[in-house]
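**Q** One structure, as structure tokens, below. Some questions next.
The values are calculated or read from the model by the stated rules, or taken from the named source; none is laboratory data. Keep in mind it's a predicted model, so treat the numbers as computed, not measured. So basically every Cβ, Gly included, is an ideal-geometry build from the backbone, and we count neighbours across all protein chains shown.
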Amino acid sequence: MGKLNLLKVNKLLKELDYIESDFEYRNEIIKDADSEFINSINSFLEEHPDLKEIYDKNITDKINESIKKQQEDLDLEGGDSEEDSEDLSDEDLEDSEEEIENKKNISQLKKLYREIVKLTHPDKIKNKKLNDFYIKATEFYNDNNKIGLYKICNELDIEFEIDINDDKMIEIYISSLRGKIHFLESTFTWKWFNSQSEQEKNQIILNYIKLKLTNN
């Protein structure tokens, strides 16, 4: 791999590491704060019984409506006795280009995995850090996660080639993680957790309740 390409790949993988860590951190905060946020909503409603009555009725109505819709869908499915006789032979045709690309991808995965195993397999190397890389690499390999294998190769200074499609794949993945982070930061739980005052927290709870009451 040329020096410029190597620097670009290193930059992408470091950026990916940071974004993944940031997403995991924020996602963990949301998971931990969710139950506390729900408890705060319940406490707020208990302090405002009139609002609680309206809210509980609204939630009950939505549950009943959902159950009714599911039952109607089941009745419709049960009444449809006609067999699907559509000829699907065209859909069964193999896409040779896609098949070739899949074979190429599998070959690259095997090559990356083999190079990692040489340096990390517990039967050959007695080093916890390296053995942990072996465990991770095996998980990535079984999941067909080429990006994960690239990251481990980069950590172990294993030379590897990365084509332009994989370059774009990493960039797209980074972009998708940024989108997920943005979504987490837009949730009521995140805003409530990061509020600086009780008044601000209560306003977020009230906004949440209003949304539930108006969102049919």
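**Q** Does Asp132 satisfy the criteria of being surrounded by 14 or more Cβ atoms within 10 Å (Cβ to Cβ), among the charged types (D, E, K, R) and in a helix (DSSP H, G or I)?
**A** Details: surrounded by 14 or more Cβ atoms within 10 Å (Cβ to Cβ): no; among the charged types (D, E, K, R): yes; in a helix (DSSP H, G or I): yes.
So Asp132 fails the test.
**Q** Further question: Using the structure shown, decide if Lys57 is in a helix (DSSP H, G or I), among the charged types (D, E, K, R) and at pLDDT 85 or above.
**A** On the way: in a helix (DSSP H, G or I): yes; among the charged types (D, E, K, R): yes; at pLDDT 85 or above: yes.
Spelling it out, Lys57 is indeed in a helix (DSSP H, G or I), among the charged types (D, E, K, R) and at pLDDT 85 or above.
**Q** Of the conditions (1) in contact with a Cys (Cβ under 8 Å, 6 or more places away or on another chain); (2) not in a loop (DSSP other than H, G, I, E, B), Phe160 fails just one. Which one is it?
**A** Condition (2) is where Phe160 drops out.
**Q** Which residue, of Ile181, Ile152, Ile147, Ile125, is β-branched (Val, Ile, Thr), more than 27 Å from Lys31 (Cα to Cα) and under 21 Å from the mean Cα position of the chain (by Cα)?
**A** Ile152
**Q** So, in segment 86-129, exactly how many residues are assigned to a loop (DSSP other than H, G, I, E, B), acidic (Asp, Glu) and at pLDDT below 90?
**A** Filtering segment 86-129 down to residues assigned to a loop (DSSP other than H, G, I, E, B) leaves 86-95, 121-127.
Restricting the remaining residues to those that are acidic (Asp, Glu) gives 86-87, 90-92, 94-95, 123.
Then drop every residue that is not at pLDDT below 90, which leaves 86-87, 90-92, 94-95.
Of the residues in segment 86-129, 7 are assigned to a loop (DSSP other than H, G, I, E, B), acidic (Asp, Glu) and at pLDDT below 90.
**Q** In segment 108-136, what count of residues is obtained for those that are free of Cβ contacts under 8 Å to residues at least 40 places away in the same chain and within 19 Å of Leu12 (Cβ to Cβ)?
**A** Qualifying residue count, segment 108-136: 2.
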